[in-house]
Amino acid sequence: MRSADTPSPVLPSEDPVGLQDFAVLLRRMNGEFNRIAQEFAQSQGLHLTDVQALIAILDGDHADEAGPMTPGRLRKQLNLTSGAMTACLDRLEKAGHIRRVRAADDRRVVHLHYAEGAKQVARDYFQPLARGTDAARGRFTTQELRVVVRFLAEMNRELAALRR
């Protein structure tokens, strides 16, 4: 039993850094990212899954540890069947968004790369989001941004662990 002079625990809605507030803000941000991705997909005649694949391919081009994205890794990451993955890659290649390149050291391995022209289309489309992101970042100190980056990295690790 708690005595009358023991403060009650802080409820999530009363705690600006509580789990509930984090969950609401992350869901809202995720919803907005999904809306923007859906609008980009529609503007390019693509499916939302195609945009998710493009993002993974773009990120794969920057991932030092795993190397360029492959169809197999992408299929696992997006949780698609082989047939759905092939159809997605065929659509993206036909639309000029990606290139399939055989690995020089093993011709059986196919690497997926975001086509330069398509990258520019995406840059132009997402420029308002980039400006908004930069404006938001500008309202924080470098030290605060380091904490935000650390939090986002940890969240990505936790979400990846849930996938396994």
Restricting to the stretch 126-143, give me the number of residues that are farther than 17 Å from residue 29 by Cβ and assigned to a helix (DSSP H, G or I).
3
Regarding the stretch 144-162, can at least one residue be identified that is among the polar types (S, T, N, Q), over 18 Å from the mean Cα position of the chain (by Cα) and either closer than 29 Å to residue 22 by Cβ or surrounded by 10 or more Cβ atoms within 10 Å (Cβ to Cβ) (or both)?
no
What number of residues within the stretch 1-52 satisfy the criterion of being among the charged types (D, E, K, R), exposed (fewer than 14 other Cβ atoms within 10 Å of the Cβ) and at pLDDT 90 or above?
5
Test for residue 55: is it out of contact with any Gly (no Cβ under 9 Å at 6 or more places or on another chain), in a helix (DSSP H, G or I) and in contact (Cβ under 8 Å) with a residue 24 or more places away in the chain:
no
Scanning the stretch 134-143 for residues that are surrounded by 10 or more Cβ atoms within 10 Å (Cβ to Cβ) and either under 30 Å from residue 71 (Cβ atoms) or among the hydrophobic types (A, V, I, L, M, F, W, C) (or both), which turns out farthest from the chain's Cα centre (by Cα)?
140
Under 7 Å between Cβ atoms, at least 6 apart or on separate chains: pull out the pairs that start in the stretch 91-119 with a residue that is farther than 18 Å from residue 59 by Cβ and modelled with pLDDT under 95 and end on any residue that is in a strand (DSSP E or B) and among the aliphatic types (A, V, I, L, M).
102/110
Subset of the stretch 96-107 [under 17 Å from residue 66 (Cα atoms) and loosely packed, with under 13 Cβ neighbours inside 10 Å]
101, 102, 104, 105, 106
Would you pick out the residues in the stretch 59-69 that are surrounded by fewer than 18 Cβ atoms within 10 Å (Cβ to Cβ), aliphatic (A, V, I, L, M) and either within 14 Å of residue 122 (Cα to Cα) or more than 14 Å from the chain's Cα centre (by Cα) (or both)?
66
Is it true that residue 125 is surrounded by 11 or more Cβ atoms within 10 Å (Cβ to Cβ), modelled with pLDDT under 95 and not β-branched (Val, Ile, Thr)?
no
Given the condition in a helix (DSSP H, G or I), modelled with pLDDT of 95 or more, under 22 Å from residue 41 (Cβ atoms) and basic (Lys, Arg), answer yes or no: does some residue in the stretch 69-89 qualify?
yes
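The values are calculated or read from the model by the stated rules, or taken from the named source; none is laboratory data. Note that the coordinates shown come from a computational prediction; the quantities given were computed from them, not determined experimentally. All Cβ positions, even for glycine, are placed from backbone atoms using ideal geometry, and neighbour counts span all protein chains on display.
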